[in-house]
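Comments concern the structure below.
Just so it is clear, none of the values below were taken in a lab; they were calculated from the coordinates. Remember, it's a predicted structure, so these values are computed and weren't measured experimentally. Because the Cβ atoms are built from the backbone with ideal geometry, glycine has one as well, and the counts that use them run over all protein chains shown.
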Amino acid sequence: MLFSSGSSEINPAFVPLLELGSTLLRQFPNVTVTVVAHTDAVGDAAANLALSQRRADAVQRYWIDQGFDAARIITDARGESDPLVPTDGPELANRRVEFIITGLLDG
């Protein structure tokens, strides 16, 4: 899931992906999702860490608003520390949220 530069607003193009997550959460009550949020390297590192937290929170809030327990949606803000594409510029691929699904294959 990608974000515009400096933004934590969910792009409507990615709502189907979030809905897929909703289906997963609904069908598998033991599943938790960790929302790992990133930024590009433009700007101050502390501000980017805060921006990545707002991005993770926006995704968590989306699922909480659908009735899912906040304890099942963990946020992990990483700021600019883990770029997908090494660059100091406004690389879109680095302005992302990734999902780690836990509990899906547990007996």
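A simple count of charges around Gly67, restricted to other residues whose Cβ falls under 14 Å of its Cβ and scoring Lys, Arg +1 and Asp, Glu -1, yields 0. To the nearest ten degrees, helix 45-65 and the longest principal axis of the Cα atoms of the chain are 20 degrees apart.
Hey, could you get me the Stokes-Einstein D for region 8-107, Kirkwood radius over alpha-carbon pairs, 25 °C and 0.890 mPa s, rounded to whole µm² s⁻¹? In µm²/s, the coefficient rounds to 175. Axis of helix 15-27 versus longest Cα principal axis of the chain: the two differ by about 30°, to the nearest ten degrees. Peptides 93-101, 52-60 ranked from most to least packed by the mean count of surrounding Cβ atoms within 10 Å: 52-60, 93-101. Full extension of the chain between Leu24 and Gln66 yields a length gain of 13.8 nm, computed as 0.36 nm times the residue separation minus the alpha carbon distance.
Computed extension gain for Leu49 through Asp88, at 0.36 nm per residue and net of the alpha carbon distance, reaches 12.5 nm. With no solvent and one point on each alpha carbon, what is the Debye value of log10 I(q)/I(0) for region 1-55 at q = 0.23 Å⁻¹? Reported log10 I(q)/I(0), two decimals: -0.91. Each other residue within a Cβ distance under 10 Å of Ser7 adds +1 if Lys or Arg and -1 if Asp or Glu, for a net charge of +2. Pro29 sits among other residues whose Cβ lies under 15 Å from its own Cβ, and their net charge, with Lys and Arg +1 and Asp and Glu -1, is 0.
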